[in-house]
Every structure is written in structure tokens, then in C-alpha cells.
Amino acid sequence: MIFFVTGGSRGIGAAIVLQAFAAGHDVAFTYRTDENSAHAIVEQAATSGRRVKYYQLDVRDSEAVERVGEQVADELGDVQVVVNNAGVVRSNLAAMMTDDEWREVLDTNLSGAFYVCRAFLPTMLSTGFGRIINISSVVSGGMTGMANYAAAKAGLHGLTKSLAKEYGRKNITANCIVAGAVDTDMARHELSEKVLRFGQEFAPVPNGRLAAPQEIANIVTFLASEAANYINGAEISVTGGLDWLP
Ligand SMILES: NC(=O)c1ccc[n+]([C@@H]2O[C@H](COP(=O)([O-])OP(=O)(O)OC[C@H]3O[C@@H](n4cnc5c(N)ncnc54)[C@H](OP(=O)(O)O)[C@@H]3O)[C@@H](O)[C@H]2O)c1
């Protein structure tokens, strides 16, 4: 199959890209700023014999999403699996949150995912097959300092369930993976101490550690496989048991 993964240059996205190769798929993935990391992913995957291409894309730009979608179709073919993984965190307490902090997170994590789904749905409809996998977060249930991120991820659940209802009969499924705290730049640099303390010191994560990015990618691989054909509109928790945030 052909995968399209947003934000595949680092973190969870990179693990998804590499696992898709390992499972024998071709992959188009995007980066926004970090071309060197995107290039490194291609080099790691080069031995797999599958096709891989990366594209610069800011998912907030709907015209750019359409353009890249067309480029991928021309260069690799019809995409069957879309993974909306690109995301950002801009934390602040709601009373102090700026318009820019609100917009950047909503535009990237929610609108960006919508633009990508809309760009690839026509191909999925014409080929009669599609798998949409959206990377959400346990923060979708609300967290202090993350009203923008929580709203975006909760919105992603609504988007996912709506697509599941609109297109399930067309053999197109849409599901969310609800990740807990995952060991990536986002957790280490942007949520930083707070998240690390949750995972390691205070240990409210029942599993007692952060997830490895591959542990999220495992579920993407499963959702893209035939074994998951009847899973549609689901929110699959991969949180190590973490179900509450302050
Ligand atoms: N880490 C966690 O604890 C955690 C937990 C739950 C859910 N998640 C979700 O998992 C996903 C991946 O997170 P991560 O931890 O792997 O993050 P990360 O290491 O910070 O990587 C984020 C990726 O998104 C890309 N990106 C950011 N803004 C973009 C934009 N406007 N347009 C296109 N691409 C953009 C980045 O590209 P560049 O590097 O090129 O800028 C990068 O590839 C996100 O949706 C995040 O919300 C993460």
C-alpha cells in the first residue's frame, strides 16, 4: 500500500514511516522545517527496497496540502493510508493564552488534519479503499495549560467519527489513536519537566514510563492491516493506563 504520513521527520511520525517500510509499504511523508531529519529517515529506509519520498508541507496551508497531494499521486500513486500525525504544543493558561498560541495549535492539529483528509478522500472514494489514522492524545480530555491542544485533539475525535460515519460504507475507515506521554522532542522539550515528572517521579502512568514512539507506530501498522477492517470510528488508547491529567 501507499502511506501518506504528516510530520514524518521526527518522533512518532518517523517511527510510523519506518514501520510502514518494514511492513512492505511505500511511503510519502512530510516535514515542515527539519529537512535534515527527513533526509536521515530516507537513508535509514533506503535498504528496504520500497519507495519513499518526503515533501515540505505546512499542514495549516490548505492549498499547499492539495498541491502536495497531487504531487504524491503523480510520483508514487494512489494513497490508501493517511496518517495525520503532525502536531504542535503551545502551552499557556487560558487566561493568558494569545491568539497566536490558540490559532497555531488549532490550525495545525485540527484544521491541518481536515485539509489532509479532504485532499485524499476523492482518491479513496474512487479506488474504494481508504484508512485514515489520526494521532490524538489523552490530553483531549482536558489538561491545565493546554486548552488549545485539548480542544484541537477533542475536535480531531469529532472529525474522525464523522468521517467514519460518512465513508464507512465506501470501505474507508477513520480512527484515532489516543497516545499518552511518548518519548519524543514534544514531550522532552515542549512539555519537558512536567511530563517527565508525570512519567517517572510521580508515576501516575500505571506502566511507570513514557511510551516509545514505536509503541504508537505498532497500532498504526495494525489499523492499516486487514485485521482492522471492521474497526471504524474508534478511539484506541495507547497510554500505559494513564487516564487522568491535572
Ligand atoms: N509526544 C507525546 O507525548 C504525544 C502524546 C500524545 C499525542 N502526541 C501527538 O503525536 C503527534 C506527533 O508528536 P511527536 O511527539 O512525535 O512530536 P514532535 O517530535 O514534536 O514532531 C512533530 C512533527 O510534526 C511536524 N509539524 C509540526 N507542525 C507542523 C505543521 N504546521 N505542518 C506540518 N508538519 C508539522 C514536525 O515537522 P518539523 O520537525 O519538520 O518541524 C514534526 O515532524 C502529534 O500530533 C502530537 O500531538 C504526542
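Readers should treat all values here as calculations from the given coordinates under stated rules, not as data from a laboratory. Keep in mind that this is a model prediction, so the values were computed, not measured. Every residue, glycine among them, receives a Cβ derived from its backbone with ideal geometry; neighbour counts consider all protein chains shown.
222 nm [θ] for the chain, helices only, -39500 (n - 2.57) per DSSP H run of 4+, per residue, to 500? Walk me through the numbers before you get to the answer.
Numbers: 8 runs with 99 residues, N = 246.
The per-residue figure over the chain is -12500 deg cm²/dmol.
Give, rounded to the nearest 20 debye, the magnitude of the charge dipole that the chain has about its Cα centre when Lys and Arg contribute +1 at Cβ and Asp and Glu contribute -1 at Cβ. If you can, show how the numbers build up before the last one.
Working: 20 positive and 27 negative charges, 124 e Å.
Result for the chain is approximately 600 debye, rounded to the nearest 20.
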Table column - 3J(HN,Hα) (Hz), the stretch 228-237, Karplus curve with 6.51, -1.76, 1.60, x for Gly and Pro: 9, 3, 9, 8, 8, x, 8, 10, 9, 7
Under 26 Å between C-alpha atoms is the cut-off here; go through the stretch 2-238 and count lysine pairs that meet it, provided they're at least eight residues apart or on different chains. 5
What list of ³J(HN,Hα) couplings, whole Hz, do you get for the stretch 208-213 from phi and the Karplus terms 6.51, -1.76, 1.60, once you set θ to phi - 60° and write x for glycine and proline? x, 7, 6, 6, 7, x
Amide H neighbours of SER237 at under 5 Å, excluding residues fewer than 5 places away on the same chain, with H built from the backbone geometry, are VAL178
Report relative contact order for the stretch 2-238 in percent, whole number only (criteria: Cα-Cα under 8 Å, sequence separation at least 6). 20
Residue by residue through the stretch 9-22, what is 3J(HN,Hα) from phi via Karplus (6.51 cos²θ - 1.76 cosθ + 1.60, θ = phi - 60°)? Round to whole Hz and write x for glycine and proline. 7, 8, x, 4, x, 5, 5, 5, 4, 5, 6, 5, 4, 4
Placing +1 on the Cβ of each Lys and Arg and -1 on the Cβ of each Asp and Glu in the chain, which of THR173, GLY13, LEU156 has its Cα farthest towards the positive end of the resulting dipole? THR173
Counting Lys and Arg as +1 and Asp and Glu as -1, what is the net charge of the other residues whose Cβ lies under 14 Å from the Cβ of ILE172? +4
Show the residues, 5+ positions off or on another chain, whose built amide H is closer than 5 Å to the amide H of VAL5. ALA28, PHE29, THR30, VAL83
